[in-house]
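The values are calculated or read from the model by the stated rules, or taken from the named source; none is laboratory data. No experiment lies behind these values; they were computed from the predicted model shown. Glycine also receives a Cβ, built like all others from the backbone with ideal geometry; neighbour counts cover every protein chain displayed. Heavy atoms of the whole protein, side chains included, go into the accessibility calculation; ligands, DNA and RNA do not. Shrake-Rupley method; radii C 1.70, N 1.55, O 1.52, S 1.80 Å.
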Amino acid sequence: MKVRRFFGVVTILLLILFQSCTKVVPPTLITYQVVDITQTTATISGTINSDGGSAIKDRGFCIDTIPNPTIERNAIKTFDGNGLGAFSRKVTLLKPNKTYFVRAFAYNDEVIVYGNEIQFTTLNNLFIDARDGRSYKMVNIGTQIWMAENLKATKLDDGTSIPNVTDGDDWGEQTSPGYCIIFNDTEEIPVIYGHLYNFHAVNSGKLCPIGWHIPTTDEWNILFDYLGGIDIAGAKLKEVGIEYWASPNTGATNEVGFSALGGGFRYESGFYYGFGDYATFWTANESAPNRPFAVWISNMGLNAMLHSQANDYNRAFSVRCIQD
C-alpha cells in the first residue's frame with residue numbers, strides 16, 4: 001500500500017515537472033526609439049530576444065494616436081514576418097504635427113505580447129520664414145522635402161532687400177536680384193501664386209530661407225523619377241481643376257501635394273505671359289554661361305520639361321525651395 005502511494009506521488013510530481021518543462025512562455029521583445037521622422041513618415045524598429053519556446057508566427061508594430069495600441073483596436077498595424085531578431089518598417093500616411101504611440105508585437109502559439117511603448121510626434125507641415133514671418137506648406141515626396149507653395153520672399157537670407165521691379169524697361173536692365181508680381185498685382189495674386197524672380201536672385205545663393213535651397217537639375221530629376229518619369233510627372237505635380245489653371249489642365253492629379261499653379265512668367269522685355277497656361281520654376285544650374293535651366297509644366301500636357309533658357313538672367317520664373 002505504501003509502495004503504491006509512493007509511486008502515485010512520484011507520478012504526479014513527474015507530470016507536474018513535465019508540464020512545467022514543456023509549458024510555452026510569452027516571447028520577450030523591445031520597441032526601439034523612432035527615427036527619420038518627417039511630416040508623414042517615420043521608421044520604427046524592434047527586436048525579439050526570445051520566442052518563449054514556440055516559434056514566432058507573426059511580428060510587427062501597432063501605431064495609434066492614443067496610448068497602448070493593440071492589434072485588436074483600430075490602429076495602424078504592420079506585419080513584418082516571423083522569427084527572432086531585429087525588424088523594422090518605414091510607416092507612411094501619418095498626419096503632420098501629430099503625436100503617435102507605437103509598440104512592437106509578437107505572436108506565438110500561446111499569446112500576443114507587446115513591447116514597451118514609444119511616443120513620437122511627426123513634423124509640422126508648415127515652415128515659417130524668419131525673414132518676414134510668412135508660412136509655407138511643406139510636402140515630403142520620396143526622399144525629398146519641398147515647399148508646397150511658391151516663394152514670396154522680399155529679402156535675401158542676409159537681410160538684403162530684393163526690389164520689386166514693376167517697370168518693364170527697368171526689369172530688362174536689372175543686373176542684380178529682383179522680383180516681380182504677375183501683372184503687378186499686389187493683392188490677390190502674390191498670396192496665391194507667389195513672386196517671380198530673375199536669375200540674379202537665384203544665382204545669389206541667398207534667395208531661399210536658411211536650411212533650404214534652390215533645387216538643382218539633379219534634384220528635379222529625382223522628383224520626376226519618383227513620379228514615374230518626366231513624361232508624366234507634370235500631371236502629378238499640377239493642382240487639379242481650372243481654378244488656378246486654364247482649361248483643359250490635362251491629366252492633373254496633384255497626387256503628391258506639390259500643387260503647381262499656372263502662374264506664367266515674365267520675359268526679359270518685361271512682358272508677362274502664360275498666366276494659367278504654364279507653371280515655371282528656376283533650377284540652380286546653367287547649361288552654359290547665361291543659359292540657366294528652368295522647369296516648365298503646361299496646362300495642355302502631362303510632362304514636365306527641363307529647358308535651358310536661351311536668354312539673359314532677366315526672365316522671371318517662380319521658385320520652389322527644397323530642404324537641405
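The relative contact order of the chain comes to 14 percent, based on Cα pairs under 8 Å that sit 6 or more residues apart.
Test of understanding: what is the full-extension gain from Q33 to D58, defined as 0.36 nm times their sequence separation minus their Cα-Cα distance? The partial results should precede the final answer.
Working: separation 25, 0.36 × 25 = 9.00 nm, distance 2.10 nm.
The span from Q33 to D58 would gain 6.9 nm if fully extended.
Build a GNM of the chain with springs between Cα atoms under 10 Å apart, and of I145, I66, I232 the one that fluctuates most is I66.
Here the label points at A86 and N74, each 7 Å from Cα along the C-beta direction, are separated by 3.6 nm in the simple model. To the nearest ten degrees, helix 217-226 and the longest principal axis of the Cα atoms of the chain are 50 degrees apart.
Ordering K152, K98 by accessible surface, largest first, gives K98, K152; the 1.4 Å probe counts only protein heavy atoms, with every chain in place.
For the stretch 113-187, which GluC sites (Glu not before Pro) are both in a DSSP coil and crowded by at most 15 other Cβ atoms within 10 Å? Mind dumping the intermediate values first?
Working: sites: E117, E149, E173, E187; in loops: E149, E187.
When the GluC sites (Glu not before Pro) of the stretch 113-187 are filtered for loop state and at most 15 Cβ neighbours within 10 Å, E187 remain.
The length gained by stretching the chain between Y273 and D218 to full extension, at 0.36 nm per residue less their Cα-Cα distance, is 17.1 nm. Where in the stretch 120-151 does the label zone of Y226 land, with the point 7 angstrom along Cα→C-beta and an amide N cut-off under 11 Å? Under 11 Å, as judged by backbone N against the label point of Y226, lie 139-147 of the stretch 120-151.
For a modelled paramagnetic label at E286, 7 Å from Cα along Cα-to-Cβ, the residues of the stretch 165-205 in reach, with backbone nitrogen under 11 Å, are 199-200, 203-204. Along its three principal directions, the equivalent ellipsoid of the chain from the Cα gyration tensor extends over semi-axes of 61, 18, 16 Å, largest first. Applying both filters, DSSP loop and at most 12 other Cβ atoms within 10 Å, to the chymotrypsin sites (Phe, Trp or Tyr not before Pro) of the stretch 227-320 gives F271.
For the stretch 61-66, the Karplus equation 6.51 cos²θ - 1.76 cosθ + 1.60, evaluated at θ = phi - 60°, returns couplings of 9, 10, 10, 8, 8, 10 Hz by residue, with Gly and Pro reported as x. The label point for T41 and the one for T65, both projected 7 Å from the Cα toward the Cβ, are 2.2 nm apart.
Dipole of the chain computed with +1 at Lys/Arg Cβ and -1 at Asp/Glu Cβ about the Cα centre; of A288, L151, T166, farthest Cα towards the positive end is L151.
Qualifying GluC sites (Glu not before Pro) in the stretch 217-324, where qualification requires a DSSP coil assignment and no more than 13 other C-beta atoms within 10 Å, comprise E243, E255. Charge dipole (Cα centre; +1 on Lys/Arg Cβ, -1 on Asp/Glu Cβ; no other charges) of the chain amounts to roughly 2340 debye. Between the helical axis of 2-22 and the longest alpha-carbon principal axis of the chain there is an angle of about 10 degrees. Using 29 Å as the Cα-Cα cut-off, could you pick out the over-long pairs in K95/K236; K206/K238; K152/K238; K95/K155? Cα-Cα > 29 Å for K95/K155; rest within.
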